[in-house]
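These notes concern the structure reproduced below.
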Amino acid sequence: MSLMIAKLSSLMAAEGFFFAREGGLDVIQTYVFWNAHEPSPGNYYFEDRYDLVRFIKVVQQAGLYVHLRIGPYICAEWNFGGFPVWLKYVPDIVFRTDNEPFKVAMQGFTEKIVNMMKAEKLFETQGGPIIMSQIENEFGPVEWEIGDPGKVYTKWAAQMAVGLNTSVPWIMCKQDDAPDPVINTCNGFYCENFSPNAKYKPKMWTENWTGWFTEFGAAVPTRPAEDIAFSVARFIQNGGSFVNYYMYHGGTNFGRTAGGPFIATSYDYDAPIDEYGQLREPKWGHLRDLHRAIKLCEPALVSADPTVTSLGSNQEAHVFSSSSGECAAFLANYDTNYSVNVTFGSAQYELPRWSISILPDCKTAVFNTARLGAQSSEKQMVLVNAAFSWQSYNEERPSADDQNVTVHDGLWEQIFITRDASDYLWYMTDVNIDPSEAFLKTGLDPLLTIWSAGHALHVFINGELAGTVYGALENPKLTFSNNVKLIPGVNKISLLSVAVGLPNVGTHFETWNAGVLGPVTLKGLNEGTRDISKQKWSYKIGLKGEALNLYTVSGSSSVEWAEGSMLAKKQPLTWYKTTFDAPEGDEPPGGNAVLDYEPVVLDMSSMGKGQEWINGQSIGRHWPGYIARGECGACDYAGTYTDKKCRTNCGQPSQRWYHVPRSWLKPSGNFLVVFEEWGGDPNGIALAKRITTSVCADIFEGQPTMKKRGMLTSGRINRPKAHLWCPPGQKISKIIFASYGMPEGSCGNFREGSCHAHKSYAAFQKNCIGRQWCSVTVAPKVFGGDPCPGSVKKLSVEAAYS
Ligand code: GAL
């Protein structure tokens, strides 16, 4: 088992490794972020959050291995897929194909990383933790599109990598023709039918997507734990070996690191460890139990190939039986509608729909992928400070005579001008309106139409906002088309074009444009339509506030800020600043880490779009004004998962909460700066803590159980226990809900179902109130008798603590 982990602060990473190990993982997988490590050619950066060597050493200290995905193309919803923007401007370069300038640059960076790892003795053969490295990333589909040069490039990339003599294997993911000895691997929601391109290569899964990324403007994807567990069990029963979760630990695209365009700041991914470093239950615990079950099968899995037999029209047994007597079985029910009783060996097994039971001794079902047995907890964002004292500063609109303004004929591509030094580029031009224009008398204002390659645009006419338009991930392009007020004489047209992350995926994404490429036309003049695309335009990169470093304490003192009744509200292009004390609470976690830890977030729901900083650190782009479209229906775990299934948040901001790492906070006097493009109400901005408010257990009777050290504790009929525990120093104070029978819902919103044992509450009240932890056996007699004989029952309980 392995995990993908990135986009984290190092403290969080260390905690993440601890939970990874506890969760039954052995390997940490990470990408290497070229654009972070080589911000300008030959100028390297490996400090702070980009201290790759330290990261790998911390993994080793935690007793884990590393799979280093060097790329250096990494996709990852990361800006420009990991490529430095300067790379695009190397003469004659074409990315990811048989192109000399590209190959030279790619080899240079790959060598740099490999040499660094060797110098630090980090490869496994040197005593380090790195057991495997990746070159390129999902190049197969691109090769298929571009043909021969792609094939030549694949061979070159493999040879180049192998030539670096790392002494551990190289892999290429989604690359069916990976040349020997490079191993091709699978990425996807399911990989059971994947087979590597040679018999002597292991069947490996480099990305099992535990959820999916969020884009601004779209609903938030989730993936049920039952389906992830099912996909893993299915892969293993079909002879799979290495499984990596992408992502196991969600993260945050701080600063302007999000790719795109339109990738959200949160990269939570519905991962087993969430964006804030908290365990996402029951997902994390369910996968931990799955890993234990699979590891109990290890002796049989490594010594035999599976024999597959049918157990019914849609059911199979996969049995690993070795000559030395090892035996493990996986009993699978692929039916999405019906649970089925199957006979295997001399016993009967109930297989819930779309599930696999794991029998490490070919007799005892210790785990079923559809039966969640883990404790979970209800977390809420609890406001801690909603009364900031704000000051505002209106970003000045630039004029063509400002410093650092360049003038060009016609419309130029945005990234060519900005080199991505800022999201923002001003396009400015003058339009002369003759006093004889008819519209001045008729009042029929001319129609201004602007075609832009994206991603967002604010249009100002003579300093006044005339409108805002923006694209979306599936189509970043946009058109502004409005009647605008023009006066006789010179009119100033200023377009603030905004990039929202550079593309990270797609064939030759380096050629995709951003910004106002035109045409820009004015219709309804005496002459008919005037095309103003080709006239002189002035260009100004970035905001004045960015140039003045308004997000630092010293930079902010260079301008006058308004406050009190003068505070700007609902005005576009406004800077806000305030100071605040850190909320009480822990990071990194202490005590019972799972429940103690209280991450801090900003509620930005009163704002539109922009960026914010705390103590000079950018916590990312905010865009709560972009409301999630799409469908959010009921979520059934059964059936083939796609990222369109099980979405949440429809009709609400795609991202309302923004993660503030506690490691960036001081106890008091923290400096918070917000830049708002659209206009918002800063008084609605609030700090909140993500707090565990109650704990739950939700468990089926007949739930297979097992002990940690590999002992099988249960027969086919077993009596699981519901465990509840709360942080040290706290006691269970109230049973919010308890039902043995057929309860429905999930932690936080359980409700009684068609059958309910009348002593459900009493059993927990007696055993749990006043205790830090308690366990209650899930059996009819504990709850006053069987409330519905003959039906499979479950127990759901939710308890508050204080
Ligand atoms: C994969 C890619 C990852 C990531 C993922 C989607 O295809 O290799 O880097 O982009 O898709 O989250």
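With Cα atoms as the point set, the radius of gyration and Dmax of segment 4-103 evaluate to 15.4, 49 Å. Of the peptides 498-505, 39-46, 306-313, the ranking by mean beta-carbon count within 10 Å, highest at the top, reads 498-505, 306-313, 39-46.
With point charges of +1 on the Cβ of Lys and Arg and -1 on the Cβ of Asp and Glu, referenced to the Cα centre of the chain, which listed residue (V168, S733, Y470) lies farthest in the positive direction of the dipole? The residue sitting most towards the positive pole is S733.
Taking a point 7 Å out from the Cα of H408 in the direction of its Cβ, the residues of segment 542-556 whose backbone N falls within less than 20 Å of it are 542-544. Modelled spin-label separation between H758 and S324, with each label point placed 7 Å from Cα along the Cα-to-Cβ direction: 5.8 nm. Taking the longest Cα principal axis of the chain as reference, the axis of helix 52-61 is set at about 10 degrees. Each residue was assigned an accessible area with a 1.4 Å probe, and for R662 the value is about 30 Å². Rounded to the nearest 10 degrees, the angle from helix 148-162 to the longest Cα principal axis of the chain is 60 degrees.
Available extension along the chain between R751 and H508 is 82.3 nm, counting 0.36 nm per residue and deducting the alpha carbon span.
Gain in length, A562 to D148, computed as 0.36 nm per residue apart minus the alpha-carbon separation, to one decimal in nm?
Contour length minus Cα-Cα distance gives 142.9 nm.
Sites listed here are chymotrypsin sites (Phe, Trp or Tyr not before Pro) in segment 733-788 whose DSSP assignment is loop and whose Cβ has at most 13 other Cβ atoms within 10 Å, and the list is empty. From the residues V152, M381, A347, which one has its Cα farthest along the dipole of the chain in the positive direction, the dipole being from +1 and -1 charges on Cβ of Lys/Arg and Asp/Glu about the Cα centre? Value computed over the given set: A347.
Label-to-label distance, K534 versus T579, with points set 7 angstrom from Cα along the beta-carbon direction: 5.7 nm.
Under the simplified labelling scheme, the A387-N115 pair shows an inter-label distance of 6.0 nm, with each label point 7 Å from Cα along Cα→Cβ. Its Cα gyration tensor gives segment 719-801 an equivalent ellipsoid; the semi-axes, largest first and in whole Å, are 22, 13, 10.
Suppose the chain between A198 and N483 were pulled fully straight at 0.36 nm per residue; how much longer would it get relative to their current alpha carbon spacing?
96.2 nm
Only the Cβ atoms of Lys and Arg (+1) and of Asp and Glu (-1) were treated as charged; on that basis the dipole of segment 403-539 about its Cα centre amounts to roughly 180 debye. Taking the longest Cα principal axis of the chain as reference, the axis of helix 100-119 is set at about 50 degrees.
Taking a sphere under 12 Å around the Cβ of K544 and counting the other residues whose Cβ falls inside, with K and R at +1 and D and E at -1, yields a net charge of -2.
Beyond 21 Å, what percent of the Cα pairs of segment 403-539 remain? Walk me through the numbers before you get to the answer.
Working: 3849 of 9316 pairs.
Looking at segment 403-539, the distances longer than 21 Å represent 41 percent of pairs.
Using the Cβ-Cβ distance between K363 and S733 with R0 set to 45 Å, the FRET efficiency from 1/(1 + (r/R0)^6) comes to roughly 0.60.
Ordered by solvent-accessible area of protein heavy atoms (1.4 Å probe), largest first, the residues F416, F671 come out as F416, F671.
Accessible area per residue, 1.4 Å probe, Å², for segment 719-801: what's the number?
That works out to 48 Å² per residue.
Per residue, segment 403-539 exposes 43 Å² of solvent-accessible protein surface, assessed with a 1.4 angstrom probe and all protein chains in place. For segment 139-228, the set of trypsin sites (Lys or Arg not before Pro) satisfying both a DSSP loop assignment and a count of at most 14 other C-beta atoms within 10 Å is given as K199.
Cross-link pairs exceeding 20 Å between alpha carbons, from the set K174/K203; K121/K174; K151/K203; K363/K793; K492/K534; K57/K121: K121/K174; K151/K203; K363/K793. Estimated from the Cβ-Cβ distance and a Förster radius of 25 angstrom, the FRET efficiency linking D176 and V308 is about 0.55. Calculated FRET efficiency, N549 and H723, Cβ-Cβ r, R0 56 Å, to nearest 0.05? Efficiency at R0 = 56 Å is approximately 0.60.
Each peptide in 556-564, 235-243 was scored by the mean count of other Cβ atoms within 10 Å over its residues; highest first, the order is 235-243, 556-564. Given +1 at the Cβ of Lys and Arg, -1 at the Cβ of Asp and Glu and no other charges, the dipole of the chain around its Cα centre is 2160 debye to the nearest 20.
Using alpha carbons only, the radius of gyration of the chain set against its Kirkwood radius gives Rg/Rh = 1.01.
The values are calculated or read from the model by the stated rules, or taken from the named source; none is laboratory data. In this text the structure is predicted, and so the values were computed from the model without any measurement. Glycine gets a Cβ as well: all are built from the backbone with ideal geometry, and neighbour counts include every protein chain shown. In case anyone asks, the SASA skips ligands and DNA or RNA and just uses the protein heavy atoms, side chains included. Shrake-Rupley method; radii C 1.70, N 1.55, O 1.52, S 1.80 Å.
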